[in-house]
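The values are calculated or read from the model by the stated rules, or taken from the named source; none is laboratory data. Just so we're clear, the structure is a prediction, and the values are computed from it rather than from any experiment. As a convention, Cβ positions derive from the backbone with ideal geometry for all residues, glycine included, and neighbour counts pool all protein chains shown. Please note that ligands, DNA and RNA were not included when accessible areas were found on the heavy atoms of the full protein model with its side chains. Shrake-Rupley method; radii C 1.70, N 1.55, O 1.52, S 1.80 Å.
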Amino acid sequence: MTTLDQLNKDGFLVLKDFYTAHQCDVLMHRGKELVKKFNFDGHPSIFQTNEQVRTSDDYFLNSGHNISYFFEKDAFNNNGALKNDLFHSLNKIGHALHDIDPVFKEFSRSSKLKELSLKLKLEKHVIIQSMLIFKHAKIGGVVDIHQDAAFLYTEPCTCVGFWFALEDATIENGCLWAKPGGHHTSLRSWFRRKKDGGTEMHLLDKAPLSMEGMVPLEVKKGTCIVLHGLLPHYSLPNTSKKSRQAYAIHLIDQTAYYPEYNWLQRKQSQLTGF
Ligand code: FE2
């Protein structure tokens, strides 16, 4: 079975030792450096997994072009002050790391990824977003079940994700969960901009995503997991003492229709593949 056949069958691919431990360390180190450059003004953008209440402020809506910082919802005490240091309060950084930062650029457009993209017939695909996901020990929050295509809607559906374990991901520290073949289902929702400002989760299909048959994708540092855009997946909170950093990039076919109401708006001319 080819790599592409496997992806079409299961909705995901687990590629061990895709990057070396050193390459993962370099990226995590760069992430820490970026956080040091972040001038936190006391007005956080909080990453909410419940998409109905996801922040829809300008900071979030403009993050497609920027390196923006999003906090864990439990990062603040009742007085609005950080409970921890800045680094350990963050949920993620996004969403244009792959275009702006040279270290992330190199990781996101390597010859290995180019080779993989050819195997997966992604010649027309371009990288539309990137995220460094911290999932820090004890505070890293849940990511509810979702389909990535809801956030990167195209007609037809062309969204593909590449998720890199920068550290070992286990059940204890909140690895991904998905069901083999789970992507053979409809897209349930579309996260989009409202005409009068803000965002909404527009329902396309009322049937809830099934949690049945989900398996943990426990992977070693350096593993790349390819995710079909329709594959329902989630991760549990990190209640362990070990952090679970990951880096994810998402691609869409540049020739597919990309609505102007999608939350993430980039100039088409800015987008490139591997
Ligand atoms: Fe996802």
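Over all Cα atoms in the stretch 180-274, the spread is summed up by Rg and Dmax: 16.5, 45 Å.
Local charge for Trp177 was computed over the other residues whose Cβ lies under 12 Å away, with Lys and Arg +1 and Asp and Glu -1, and equals -2.
Dipole check for the chain: with +1 at the C-beta of Lys and Arg, -1 at the C-beta of Asp and Glu, and the Cα centre as origin, the magnitude is about 280 Debye.
Counting charges near Tyr261 (Lys, Arg +1; Asp, Glu -1) among other residues having Cβ under 9 Å from its Cβ returns a value of +3. Using equal-weight Cα scatterers in the Debye expression, the normalised intensity of the stretch 3-270 in log10 at q = 0.12, 0.14, 0.15 Å⁻¹ is -0.70, -0.99, -1.17. For the chain, the solvent-accessible area works out to 47 Å² per residue, with a probe of 1.4 Å and every protein chain left in place. Structure note, pairs Lys124/Lys242; Lys36/Lys194; Lys9/Lys135; Lys135/Lys194: Cα-Cα distances above 32 angstrom occur for Lys124/Lys242; Lys36/Lys194. Spin-label pair Lys124-Asp85: with each label point 7 Å from Cα along the Cα-Cβ axis, the two points sit 4.8 nm from one another. Computed from the mean reciprocal separation of all distinct C-alpha pairs, what Kirkwood hydrodynamic radius does the stretch 144-227 have, in Å? Kirkwood radius, the stretch 144-227: 14.6 Å. Placing pseudo-labels 7 Å out from each Cα toward the beta carbon at Lys114 and Leu271 gives an inter-label distance of 2.1 nm.
Taking amide H positions as modeled 1.01 Å from N, with prolines and chain starts lacking one, the residues under 5 Å from Phe18 and 5 or more places away or on another chain are Thr223, Cys224. With θ taken as phi - 60° and the Karplus curve 6.51 cos²θ - 1.76 cosθ + 1.60 applied, the whole-hertz 3J(HN,Hα) list for the stretch 80-88 is x, 9, 5, 7, 10, 5, 4, 4, 7 Hz, x standing for glycine and proline. Along the chain, the longest continuous region that contains none of the GluC sites (Glu not before Pro) in a DSSP loop with at most 13 other C-beta atoms within 10 Å is 1-122.
Below 12 angstrom from the Cβ of Phe71, what's the summed charge of the other residues (Lys, Arg +1; Asp, Glu -1)?
+1
What is the stretch 1-136 by shape, rounded, prolate or oblate, if you read a ≥ b ≥ c off the alpha carbon gyration tensor as root eigenvalues and call it rounded for a/c under 1.5, prolate for a/b larger than b/c, and oblate otherwise? It comes out prolate by the Cα gyration axes. When the Cα positions of Ser130, Leu90, Leu166 are compared along the charge dipole of the stretch 3-270, Leu166 comes out farthest toward the positive end, with charges on each C-beta of Lys, Arg, Asp and Glu.
When a/c is below 1.5 the answer is rounded, else prolate if a/b is larger than b/c, else oblate, so apply that to the stretch 102-190 with a ≥ b ≥ c taken from the square roots of the Cα gyration tensor eigenvalues. Oblate, since a/c reaches 1.5 and b/c is not below a/b.
Ranking Phe18, Gly31, Gly80 by how far each Cα lies toward the positive end of the dipole of the stretch 1-141 (charges on Cβ) leaves Phe18 at the top. Annotation: for a label point projected 7 angstrom from Cα along Cα→Cβ of Val103, residues of the stretch 217-232 with backbone N closer than 19 Å are 221-223.
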